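Any read-out appearing in this document is the output of simple, stated calculations on the displayed coordinates, not a laboratory observation. Since the model is a prediction, treat every value here as computed from it, not as a measurement. Quick reminder, even Gly has a Cβ in these numbers, built from the backbone with ideal geometry, and neighbours come from all protein chains shown.
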Amino acid sequence: MKMLPFTIMTLLALLFALPVFAVDTEPGLANRHLEQRYEILTHELRCLVCQNETIADSSASLAADLRAQVRSQLLAGKTDDQIRQYMVARYGDFVLFKPPVQPNTWLLWSGPFLILLIGALVVVLVVRSKTRILQQTHSGRAEDERDN
């Protein structure tokens, strides 16, 4: 019974602390269309600190700065492409979660297929060598049986 007030106080403290964990604390944009564009853009841009999260999902201070830049450019009337180009010019193609296919990103786009191809080649070579070893062992036993 003595623990009940402590438990209630702890739960209330946690309940009121939830807004602290919010990622985007900026007020909403002027209209729903801008808000939708903001959501799409922040989910297309990579957090340069976390590297595996979008700036919409990251709580890093750099991600907050990038979200503020996207917000200010949207309010300035820039198009989505202009905002993406600004981010790429400033931070490079790495800031995009889906970088464009161009000569400097060919390895990025073809890398998974190359790894898959190399893996398949290794499997084929291992299976062939095991088959050869089994055939040699089998033919050696057959010769031994003929000799006896």
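What to note about this one:
- With all projection directions averaged, the alpha carbon convex hull of the stretch 48-94 covers 3.1 nm².
- Calculated from backbone phi, Karplus (6.51, -1.76, 1.60) coupling profile of the stretch 76-90 in Hz, x at Gly/Pro: 7, x, 6, 7, 4, 5, 5, 5, 4, 4, 4, 5, 5, 5, 7
- Fully extending the segment from residue 121 to residue 93 would add 6.9 nm, taking 0.36 nm per residue of separation and subtracting the current Cα-Cα distance.
- Integer Hz, Karplus 6.51/-1.76/1.60 couplings in order for the stretch 112-128, x for Gly and Pro: x, 5, 5, 5, 5, 5, 5, x, 5, 4, 5, 4, 4, 5, 5, 5, 4
- Extents of the stretch 37-148, largest first, come to 93, 29, 20 Å (Cα atoms, principal axes, whole angstrom).
- Calculated FRET efficiency for the pair residue 130/residue 36, C-beta based, R₀ 41 Å, to 0.05: 0.10
- 3J(HN,Hα) couplings calculated from phi for the stretch 45-62 with the Karplus curve 6.51 cos²θ - 1.76 cosθ + 1.60 (θ = phi - 60°) are, in sequence order, 9, 8, 6, 6, 8, 6, 6, 10, 10, 7, 5, 6, 9, 7, 9, 5, 5, 5 Hz; Gly and Pro show x.
- Extension gain for residue 53-residue 2 works out to 14.0 nm (0.36 nm per residue, less the C-alpha to C-alpha distance).
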